[in-house]
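The structure appears below as structure tokens.
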Amino acid sequence: MTSLVKELGAKYVISKADRDIHAKFLLRNGADEVVYPDRDIADKLARRCSIDNVFDYIELTEGYAIYEIPVKPKWVGKSIMDVNFRKKYNVNILGIKNAEKTKLMPGADYVFGAEDHLMVMGHQDMIGELV
């Protein structure tokens with residue numbers, strides 16, 4: 001199928017593989033890129049489950065990711081500035097989710113609620129300190 005799509009004039013062909021041997025075959029037959037969706041989902045799930053209190057995870061580059069984490073009880077009622085979030089934990093808060101809404105790029109005066117989930121971006125080594 002990959003070679004047929006290429007013969008029909010596709011400029012860029014992305015094919016799905018289950019194993020490395022399958023990927024080699026696809027690349028030899030015209031695939032420009034090969035993806036492993038089952039492996040990638042399993043890897044994402046394993047990472048998410050290996051860290052307590054991580055609701056979701058999106059890898060950006062090697063070592064850096066966006067994590068959805070709960071607010072710690074000691075932060076409830078305090079602002080981002082009060083917690084001194086960026087300096088203390090070396091991560092950026094991209095957004096805050098709760099049952100009512102999602103607030104992107106919250107200001108330093110945002111006060112944490114008990115039901116808030118934080119969307120933070122940073123190095124994976126720093127996330128362990130947050131959860």
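The values are calculated or read from the model by the stated rules, or taken from the named source; none is laboratory data. What you are looking at is a predicted structure, and each value in this text was computed from that prediction instead of being measured. Using ideal geometry, Cβ is built from the backbone for each residue, glycine included, and neighbour counts are taken over all protein chains shown.
Do we have any residue at all in segment 34-45 that's at pLDDT below 90 and touching a Gly at 6+ places or on another chain (Cβ under 9 Å)? Within segment 34-45, not a single residue is at pLDDT below 90 and touching a Gly at 6+ places or on another chain (Cβ under 9 Å). When we screen LYS101, LYS87 for residues that are over 23 Å from TYR64 (Cα atoms), free of Cβ contacts under 8 Å to residues at least 60 places away in the same chain, among the charged types (D, E, K, R) and exposed (fewer than 13 other Cβ atoms within 10 Å of the Cβ), the only hit is LYS101.
Taken as a whole, the condition of being among the polar types (S, T, N, Q) and part of a helix (DSSP H, G or I) applies to SER3.
Residues checked against (1) of a type in the set (A, V, I, L, M); (2) within 27 Å of PRO106 (Cα to Cα):
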site	(1), (2)
ARG19	no, no
LEU26	yes, no
ALA31	yes, no
ASP40	no, no
ILE69	yes, yes
PRO73	no, yes
VAL76	yes, yes
ILE80	yes, yes
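Of the helices (runs of 4 or more DSSP H) that lie entirely inside segment 35-101, those containing 3 or more residues that are in the same structural domain as GLY113 (by TED's automatic domain parsing) and more than 30 Å from SER15 (Cα to Cα) span 80-83, 85-89.
The set of residues in segment 108-131 being surrounded by 13 or more Cβ atoms within 10 Å (Cβ to Cβ), aliphatic (A, V, I, L, M) and farther than 22 Å from GLU59 by Cα consists of ALA108, VAL111.
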